[in-house]
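For reference, the structure discussed in these notes is given below.
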Amino acid sequence: MSNLKYMAKSPLILAALAKDAVRHIDFVQVKSLNAGTDGAFDTALLTATTGEHYVVRIANTQSAGTEQEVELQALRALGSEGRAALPFKITSLIGETKDDKGARALIFDFVYGSPIDVSSVSGDSELARNIGLAIAAIHNLPLAVVENAHLPEFQPNDILNARIAELDRFAATGKVPSALLSRWEAVLEDVNLFRFQPTVVHGALNGDTVLEEDGRSVAGVLAWSSLKISDPAEDLAWILGSENDPFADAVLASYVANRSGSDNALRQRAVLYSEYERARWLMHGVNKGDQSIIDDAVQMLNTLAEDVESGAIGRLTAAPIAVPISQPIVEESFQSFVTVESDEEFEIIEVNETFVAEEAPEEFEIVDDKTRPIELPEKSDNELF
């Protein structure tokens, strides 16, 4: 598989491949899923006669294929015991086949839920507490889950050195305000802030990969290709970057209450990582030669620097502690592998946003069959792990 984009496959073709991969399931509807990954994946949502939903996905580039293989490795590593320890749904691979060019078509069960707008979640909400519980559950997984699967492992010194190297690259652009460079350098010079116990981390948590249900519970977590042993603060950076302090405090309180051995500098590092994301966006624009991304990143960095200089953003402080809540639920997985033939009896429909639902969706309106790939969280060109 090369890095050249394949011609996008229609939902009908994806549905036919899915049918050949899981012959025991009859599909009656197919809808393409929007993504925004520059054609890295062709993806569609399938509705079975039973009302259940499935996702079929084909990687179109070598890097996307590698990411997909790593995610499969991570899903296998979690196994039934790991899933039982997590209070949310994780997808399972239920079948696979290959298209006429040898590309793998993978069929997963669909994870229901809605993306989370962290800016609007109340600090006293049940959802905020359950997000903290969900992240703690991931970090409480045994290290052997990652170790036995030979997934990446990083120690505090590895992480500190990588962050220092990133800071050097940020500074070399000449576009990061000196106030931010000094702020970040001061954190990195305090080695005591990087004395922590590495844990199992998801590595790509954000408002799109963590799904909520009824505005109360965490329904599912997507995109497991970055599963590793690393700094637990990485999974909390999106919370600290929300600029919703009551929400962040509630999530961290629930997290600490449900996570044994949480270190006192967790908040400092999470804030650092959340601020780094602006500079990583800058590096992404520089590496791609995209002036619009560069301008956007520079504006965000300048705004952050102004907040630091005015005192609107204070010194980094440790997270508070609160009482534990809720219990995990059990999810099981099933896998099967079959071959490919053709099938054409499907109703086709297309949407422009990721499909979310709490129950089986109503009938869909028929539209054209253009395909757009599903969105997966983008890794920074400069992220080392």
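The values are calculated or read from the model by the stated rules, or taken from the named source; none is laboratory data. Keep in mind that this is a model prediction, so the values were computed, not measured. With ideal geometry, Cβ positions are generated from the backbone for all residues, glycine too; neighbour counts draw on all protein chains shown.
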Checklist (1) modelled with pLDDT under 90; (2) surrounded by 19 or more Cβ atoms within 10 Å (Cβ to Cβ) applied to R57, failing item: (1)
Quick check on this structure: which one of S242, S260, S274, S254 is crowded, with 22+ Cβ neighbours inside 10 Å and among the hydroxyl-bearing types (S, T, Y)? S254
Under 6 Å by Cβ, and 6 or more places apart or on different chains, what pairs join a residue from region 286-308 that is in contact (Cβ under 8 Å) with a residue 12 or more places away in the chain with one that is surrounded by 18 or more Cβ atoms within 10 Å (Cβ to Cβ) and among the β-branched types (V, I, T)? L301/V176
Working carefully through the options A233, A219, A204, find the one that is touching a Lys or Arg at 6+ places or on another chain (Cβ under 9 Å) and free of Cβ contacts under 8 Å to residues at least 60 places away in the same chain. A233
Single match in V111, V121 (criterion: closer than 24 Å to Q73 by Cβ and β-branched (V, I, T)): V111
Has region 65-72 got at least one residue that is buried (at least 16 other Cβ atoms within 10 Å of the Cβ), at pLDDT below 95, touching a strand residue (DSSP E or B) at 6+ places or on another chain (Cβ under 6 Å) and not assigned by TED's automatic domain parsing to the domain that holds V146? yes
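Residues are listed down the side, and each one gets a yes or a no for (1) over 29 Å from T61 (Cβ atoms); (2) crowded, with 17+ Cβ neighbours inside 10 Å; (3) not acidic (D, E):
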site: L93; (1), (2), (3): no, yes, yes
site: D100; (1), (2), (3): no, no, no
site: V111; (1), (2), (3): no, yes, yes
site: S119; (1), (2), (3): yes, no, yes
site: L133; (1), (2), (3): yes, yes, yes
site: H139; (1), (2), (3): yes, yes, yes
site: V146; (1), (2), (3): no, yes, yes
site: N157; (1), (2), (3): yes, no, yes
site: T173; (1), (2), (3): no, no, yes
Answer yes if at least one residue in region 305-322 is at pLDDT 95 or above and either β-branched (V, I, T) or surrounded by 18 or more Cβ atoms within 10 Å (Cβ to Cβ) (or both), and no otherwise. yes
Could you list all residues from region 221-269 that are within 25 Å of A186 (Cα to Cα), polar (S, T, N, Q) and modelled with pLDDT of 95 or more? S230
Looking at (1) among the acidic types (D, E); (2) assigned by TED's automatic domain parsing to the domain that holds S274; (3) surrounded by fewer than 18 Cβ atoms within 10 Å (Cβ to Cβ), which is the one condition that is false for E166? (3)
Can you find a residue in region 218-231 that is among the acidic types (D, E) and either in a loop (DSSP other than H, G, I, E, B) or more than 23 Å from the chain's Cα centre (by Cα) (or both)? yes
State whether the residues of region 90-98 include one that is part of a helix (DSSP H, G or I) and small (G, A, S). no
Confirm whether N192 is modelled with pLDDT of 95 or more, polar (S, T, N, Q), more than 24 Å from I116 (Cα to Cα) and part of a helix (DSSP H, G or I). no
Going through region 160-191 one residue at a time, which ones are under 27 Å from the mean Cα position of the chain (by Cα) and closer than 20 Å to L266 by Cα? L160, N161, A162, R163, I164, E166, L167, L180, W184, V187, L188
